[in-house]
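Read through the structure below, which is laid out as structure tokens, and then see the notes.
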Amino acid sequence: MDMMKVAATEKPSLSSPSALASTIKFIQIPKSETFLQPTLEQTRQTHALMVKTHFNGTKFSPSAQFNFLITSYTKNSQPHSALDIYTYLRRMDYEVDNFMVPAVLKACSFVSNTQLSKEIHGFAVKNGLTEDVFVSNALIQMYSECDSVVSARLLFDNMYERDAVSWSTMIRCYVRSKLYMEALEMIRKMQILQIRPSEVAMISMITLFADLMDVEMGKAMHAYVTKNLEKMSFQLTTAFIHMYAKSGNLASARLLFNGLNQKTVVSWTAMIAGYIHCNKLEEGMKLFARMIEEKIKPNEITLLCLVVECGFVGALELGKQLHVYILRYGICLSLALATALVDMYGKCGEIRNARAVFDSVKDKDVMIWSAMIAAYAQTHCIDQAFDLFVKMRENGVRPNQVTMTTMLSLCAETGALDMGKWVHTVIDRQAVEMDTILKTALLEMYAKCGDIDGAWKLFREVKDRDIGMWTTMMAGLGMHGCGKEALELFSEMEREGVRPNDITFIGLLNACSHAGLVEEGKLIFEKMVHAFALVPKIEHYGCMVDLLGRAGLLDEAYGIIKSLPIRANSIIWSALLAACKLHHNTVLGEMAARQLVYLEPQNCGYNVSISNIYAVANRWNDVAEVRKAMKNKGMRKEPGLSCIEVNGYVHEFIMGDKAHPEIEKINDMVSEMGNKLKEAGYMADTSAVLRNINEEEKETALNYHSEKLAIAFGLISTAPGTPIQIVKNLRVCKDCHNATKLLSKIYQRVIIVRDRKRFHHFRDGTCSCGDYW
């Protein structure tokens, strides 16, 4: 490429070699001196003058001049210009030294150009540059920012020499990828090797403890810093404020904050964000107001952090106030800030406000498109999400891993397999880089959309599996009732040396629960505690209660609750309640329901559950009392909703639906299904209708359950022999389960139903769950 094409087109004001030399000196001065970064305009002017003088206008070597340009363009957010220069130098066979490589790698990180980064890595190895620890550290950092953790670790393990920066960079790489256990292992190795961490490494560790919300480890780090440093730097203090606040220890965070002699916008931001993160919204806003009073003007980073935290905790009103502040004081709505606002409104369910912010941005990048698509996905606006995705591509914006992960998650949630397969095709055609997160999302989509064989095939094709992918595959097998296969996969994972985490065991225990593998589940729980030294969380105890309860071992399940080392929450009691409903234990069920109503009085589902328990016991006066109380509180029962995807569109049905445009044909098919069921000797199980009405009315109500309407629509809308796939938001009732088994045989269809808990594969009169659900 012609070097003049990279340079600025405007007439350079740096007209003399002396001016050029003084500008280049910006990056040649020692670190102890004041450093002034040239602006983009100065960089372009300098570049133009360099070209004009054929790089002979100063005492600095051409290599130093090229290094200056690459570094300055990168720091001025022009990484493509920096990479263009590097490409030109390589094509001209110009010497690239160990000072230039780190600068080029930094530019690669900005644009996530993994392919070019690997080429540079190969070039560095070939020319012996990786023996320089500075170059190797830059390569690790580059792989980290390009989300190539495996490559980063491989490089780290093969380094000739490591310094404290090497360790801190690798720790940051793991933290960035949320591989917290691996990051902790790196810290332990540093301690064993007695490597004194640099301040950067300590900040990385504190950030790790913040992400883990491990206040005890954070306190230990605080003690280490206090003991080994004469004075704690401002950066370390701010990191500790963030760690304590994120871990919920606001008192310690505020103590450190109050102890700062001079508070900057960074420390104010950390403390205010901590209050919002802990849902102390009033205190957060008071501190924000005080910051303004003390003439500390919030910058874009401040507002960005606070808006992100509002989205995290669902603080809509506070988020709106921050938005008003931005507009009132004319703060430039950068792309990053606009994206954060779209994300915040989306997470708070304010889709109109999210779209208004999105539409106000002229030059949209892939991140804001992805945020708006995610906002539609979070508010279950399926069609709008897909329409916007199509529009994004029409506007020439290439989707990235974040976009595609969101689309796959939406398909997984709605059970839209055809749409999911189409998204998979787009990933391949657009050559979207398949990192581990995207591969896992793809696997999860196939599993949650009922194609467990497709998920299994994809899993076997992937070579760089992380613990997240292993866990997702096991959870998928569990959802489909393949408990034994999930346990076999766990054994295979152990043989490959992959260490399970607490989420892995949640998936395994659920798999055992769905398959009725009680003894195996008990052994897995014991293995988690004794073989892997993992402390059981409330979710693990909930899985054990569910495992025992489903098997009818209600006394044993209740025994676990009574012996818990922590107070039982709604996860525990809801597991017991579900088991009591299944096995008609009114006494224990009523107790569990009352505990749930006490813990979450506004949760309509628990009130409905206690009403249902009374109904099963024919205690209609008690049913009336519960329903009256619900009505007085303005509570409404969540309606049963069933979805079916036909020809790329997702159709939704509720019980007794009359809104569908083909409802007459659907009702005709429902009547036909009822007649054929009766001819086959089927008797409706009216115990599922928990209302005080006569048997004939109960049978009529059962005929129009949402999943039966969805099955009827599937039968009239798809060719004979085509599998019918349905997603239901509630647990399948006993009558619908029995009827669907027989319908699969009558119409010779495979019918796959995903309810709130698991998959049911109905085929030729049987169900994959073996009537154990």
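Couple of notes before you dig in:
- Protection proxy ranking, highest mean first, for peptides 244-250, 557-563: 244-250, 557-563, where packing is the per-residue count of other beta-carbon atoms within 10 Å, averaged.
- Relative contact order, percent, region 641-767 [alpha-carbon distance under 8 Å, six or more residues apart]: 27 percent
- C-alpha long axis of helix 180-192 to longest principal axis of the chain, angle in °: 50 degrees
- Convex hull of Cα atoms in the chain, direction-averaged projection (nm²): 38.4 nm²
- Extents of region 484-642, largest first, come to 58, 37, 26 Å (Cα atoms, principal axes, whole angstrom).
- Cα-based shape type of region 452-507, given that a ≥ b ≥ c are square roots of the gyration tensor eigenvalues and the cut on a/c is 1.5: oblate
- Listed by chain and number, the lysines placed with their C-alpha closer than 20 angstrom to that of Lys219 are Lys189, Lys227, Lys231, Lys246; residues fewer than eight positions away on the same chain are left out.
- Heavy-atom accessible area ranking, 1.4 Å probe, most first, across Glu444, Glu230: Glu230, Glu444
- Solvent exposure ordering (accessible area, 1.4 Å, most first) of Arg176, Arg352: Arg352, Arg176
- Taking only the alpha carbons of region 641-767, we obtain Rg and Dmax values of 13.4, 41 Å in that order.
- Proximal lysines relative to Lys581, as straight alpha-carbon distance under 18 Å, when same-chain residues fewer than 8 apart are discounted: Lys637, Lys734, Lys757
- Shape category assigned to region 400-464 from the gyration tensor of Cα positions, a/c cut at 1.5: oblate
- Length-normalised contact order of the chain in % [C-alpha pairs under 8 Å, at least 6 apart]: 5 percent
- Principal-axis analysis of the Cα atoms of the chain puts helix 316-328 at an angle of about 30° to the longest axis.
- Cα-based equivalent ellipsoid, region 50-101: semi-axes from gyration tensor eigenvalues, Å: 17, 13, 11
- The relative contact order of region 255-388, computed from alpha carbon pairs under 8 Å that lie at least 6 residues apart in sequence, is 18 percent.
- Entry comment: accessible area of the chain is 48 Å² per residue, from protein heavy atoms only and a probe of 1.4 Å.
- Compared with the dominant Cα axis of the chain, that is its longest principal axis, helix 502-515 is turned about 20°.
- Solvent-accessible area, 1.4 Å probe, carbon plus sulfur percent, for the chain: 52 percent
- Classified by the C-alpha gyration tensor, region 470-537 has an oblate form. Its axis ratio a/c, with a ≥ b ≥ c, is 1.5 or above, and a/b does not exceed b/c.
- Centre-to-centre separation between the Cα atoms of region 212-284 and those of region 168-205: 19 Å.
The values are calculated or read from the model by the stated rules, or taken from the named source; none is laboratory data. Everything numeric here is computed off the predicted structure, so don't read it as measured data. Here Cβ is always computed from backbone atoms with ideal geometry, including for glycine, and neighbour counts include all displayed protein chains. The accessibility values were calculated without ligands, DNA or RNA, using every heavy atom of the protein model including side chains. Shrake-Rupley method; radii C 1.70, N 1.55, O 1.52, S 1.80 Å.
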